[in-house]
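> Once you've had a glance at the structure underneath, I'll fire off some questions.
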Amino acid sequence: MNPFYKLFCLIYPEKCPYCDAFIKSEAIACDRCLEKLDEVQKPVMRGVGGFRCVSSFFYGGRIRRMILRIKYHDRVQYIPQVAAIMAGDIRTMYGDDRFDLITYVPMHKIDQKKRKYNQAERLAKALSKLLDIPCVKTLDKVKHTKKQQRLKYAQRKTNLKGAFKVSDKELIKDKSILIIDDIVTTGITLTTCCKTITRSKPRLICCATIANASHHLPDKAII
């Protein structure tokens, strides 16, 4: 371990993403939460607009708190920890599907400037290292839209119309692509991104997220 990083860890010890207990810097979570995660982590495959999507967890409890910390409270240090779980699920659920590249749902430049980072991009880059697949930007968000979570289902569909544009068509053509986001709820954002990429004739598009925020969650999924 780099001595400067070791000193940093002594001054600012790592915390569990799910409960804030102190943990070793290389740990995914504390022992208590790991036990809980083992009980509830059952990756689910869900179709979004006709595209397959693997989610490692249902959205609720500690999982929800962890994602909100990453998304709104600058806790990006949790990303490698959750990416390690996702990487295993991607290998298991997609099996022999070999992806040529990993990409992510982009943010509009106004929103990214305000947040200072795109959590989906950070997650995609962490997965790229773990899965040994290049991470490539394939989409730009060219339209500044309202927040999807504040809109009704019908409004969500129209809100994203024309929002995304392919960055480089030749980069996508005939490629097998895995697109990453943090949460799938109605699936409209991922579906819109997938359909935008489809116009450039990729061979395959699949998706992966940390969590599935369907409305009907099993009780055991909330830890």
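The values are calculated or read from the model by the stated rules, or taken from the named source; none is laboratory data. Quick caveat, the model's predicted, so the values are computed rather than measured. FYI the Cβ positions are ideal-geometry reconstructions off the backbone, even for glycines, and counts take in every protein chain you see. Protein only, heavy atoms only, side chains kept; ligands, DNA and RNA dropped before computing areas. Shrake-Rupley method; radii C 1.70, N 1.55, O 1.52, S 1.80 Å.
> Pop the C-beta distance of Asp140 and Asp96 into the FRET formula with R0 = 22 Å and round what comes out to the nearest 0.05.
Details: r = 32 Å, r/R0 = 1.43.
Given R0 = 22 Å and the Cβ-Cβ separation, E is 0.10.
> Oh, and also: What is the helix-to-structure angle for 188-198, meaning the angle in degrees between its Cα long axis and the longest Cα principal axis of the chain, kept from 0 to 90 and rounded to the nearest 10?
So the helix axis and the longest Cα principal axis differ by about 60 degrees.
> Calculate I(q)/I(0) for the chain by the Debye formula, one identical point scatterer on each C-alpha and no solvent, and give its log10 at q = 0.08, 0.09, 0.11, 0.13 Å⁻¹ to two decimals.
Ignoring solvent entirely, the Cα scatterers give -0.29, -0.36, -0.55, -0.77.
> Right, next: Could you state the accessible area per residue of the chain in Å², with a 1.4 Å probe and every protein chain left in place?
That works out to 55 Å² for each residue.
> Amide H to amide H under 5 Å from Ser200: which residues, 5+ apart in sequence or cross-chain, H placed 1.01 Å off N in plane?
Counting only residues 5 or more places away or on other chains, the set is empty.
> Can you give the convex hull volume of the alpha carbon atoms of the range 140-202 per residue, in Å³? Working shown, then result.
Working: hull volume 5.2 nm³, N = 63.
Spelled out: Cα convex hull of the range 140-202, divided by residues, is 83 Å³.
> How many percent of DSSP beta bridges within the chain run antiparallel, rounded to 5?
In the chain, DSSP labels about 35 percent of beta bridges as antiparallel.
> Right, next: Return the lysines within reach of Lys15: Cα separation strictly under 26 angstrom, same-chain partners fewer than 8 residues apart disregarded; answer none if there are no such residues.
Answer for Lys15, where 26 Å is the Cα cut-off: Lys6, Lys24, Lys36, Lys42, Lys71, Lys114, Lys116, Lys125, Lys129, Lys220, listed by chain and number.
> If you average the sequence gap of Cα pairs under 8 Å that are 6 or more apart and divide by the length of the chain, what percent do you get for the contact order?
On the way: 371 pairs, mean separation 56.9, N = 223.
Here the relative contact order equals 26 percent.
> Where does helix 61-72 land angle-wise versus the long Cα axis of the chain, in degrees 0 to 90, nearest 10?
70 degrees
> I would also like to ask the following. Using only Cα atoms, tell me the angle between helix 31-40 and the longest principal axis of the chain; keep it within 0 to 90° and round to the nearest 10.
The angle comes out near 40 degrees.
> Quick check on the range 69-184: take the gyration tensor over C-alpha atoms, sort the square-rooted eigenvalues as a ≥ b ≥ c, and tell me if it's rounded (a/c under 1.5), prolate or oblate.
Numbers: a/c = 1.72, a/b = 1.27, b/c = 1.36.
In terms of gyration-tensor shape, oblate.
> Of the accessible area of the chain, with the probe set at 1.4 angstrom, what percent is carbon plus sulfur?
Here carbon and sulfur together make up 53 percent of the probe-accessible area.
> Let me ask something else about it. Using a 7 Å offset from Cα along Cα-Cβ at Lys165, what residues in the range 178-210 end up with backbone N under 15 Å from the label point?
196-197
> Within the range 102-121, which residues have the backbone N less than 14 Å from the label spot 7 Å out from Tyr72 along Cα→beta-carbon, could you tell me?
In the range 102-121, the label zone of Tyr72 (backbone N under 14 Å from the point 7 Å along Cα→Cβ) covers 115.
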